[in-house]
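Read the structure below first, then the notes.
The values are calculated or read from the model by the stated rules, or taken from the named source; none is laboratory data. Small disclaimer: the values here were computed from a predicted structure and weren't measured. Note that each Cβ is placed from the backbone with ideal geometry, even for glycine, and that neighbours are counted across all protein chains shown.
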Amino acid sequence: MLLHHFAQRHRLTAAAAVVSAVIITMTAGCGTAAPHSGGPTVIVVRDDANGTAVSASAGDRIRLILSSSYWDVAGSSAPRVLRQDGPPVLLSRPGNCPDIPGLGCAPVQTDFTALTDGKAVITARRSACGEALRCNPDQGRFTVSIVIRN
């Protein structure tokens, strides 16, 4: 009886140790979200914002992500209001894009910072909408107005 009690106690201790190890492993890489400090916001603008206006506050970051590497981002119409933060960068090719040269389906990202009250227009152009495929007139131009207010 004493031997049975000893073995049962050690099985429970071993089980508790395993459960503890699993919990520690599951939470080890997790952090807690820092409370929102009222700091700048990152506003992501994509292809579907073409022709629209986006509101922002001074200090906010605007991240323009267009779905094709054929886009040539012209930048901000008012750099003192909306500053472009470096050149456009090609992002990784999405998994649903075949690995065929010339498809142009790698997205291009351009970051901007809202500096002060005002309005700026971000413009991009493209002439090709695929390998050897010219764009229709309504597919070759992208514009979005950024309205910055404090």
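At-a-glance table
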item: Residues within segment 29-65 that are modelled with pLDDT of 70 or more, over 19 Å from LEU90 (Cα atoms) and either surrounded by 14 or more Cβ atoms within 10 Å (Cβ to Cβ) or of a type in the set (Ser, Thr, Tyr) (or both), tallied; result: 12
item: Cβ pairs under 7 Å, 6+ apart, first in segment 93-114 and over 26 Å from ARG83 (Cα atoms) and touching a residue at least 24 places away in the same chain (Cβ under 8 Å), second of a type in the set (Asp, Glu) and outside any strand (DSSP E or B); result: GLY102/GLU131; LEU103/GLU131
item: Subset tally (residues that are of a type outside the set (Asp, Glu) and assigned to a strand (DSSP E or B)) for segment 110-150; result: 22
item: Residues satisfying the stated conditions in segment 124-140, i.e. surrounded by 15 or more Cβ atoms within 10 Å (Cβ to Cβ) and closer than 17 Å to GLY75 by Cα; result: ALA124, ARG126, GLY140
item: Qualifying positions in segment 100-147 - among the hydrophobic types (A, V, I, L, M, F, W, C) and touching a Leu at 6+ places or on another chain (Cβ under 7 Å); result: ALA106, VAL108, PHE112, ALA114, LEU115, ALA120, ILE122, ALA124, PHE142, ILE146
item: Of all residues in segment 87-119 being among the small types (Gly, Ala, Ser) and at pLDDT 95 or above, the one that is surrounded by the fewest Cβ atoms within 10 Å (Cβ to Cβ); result: GLY118
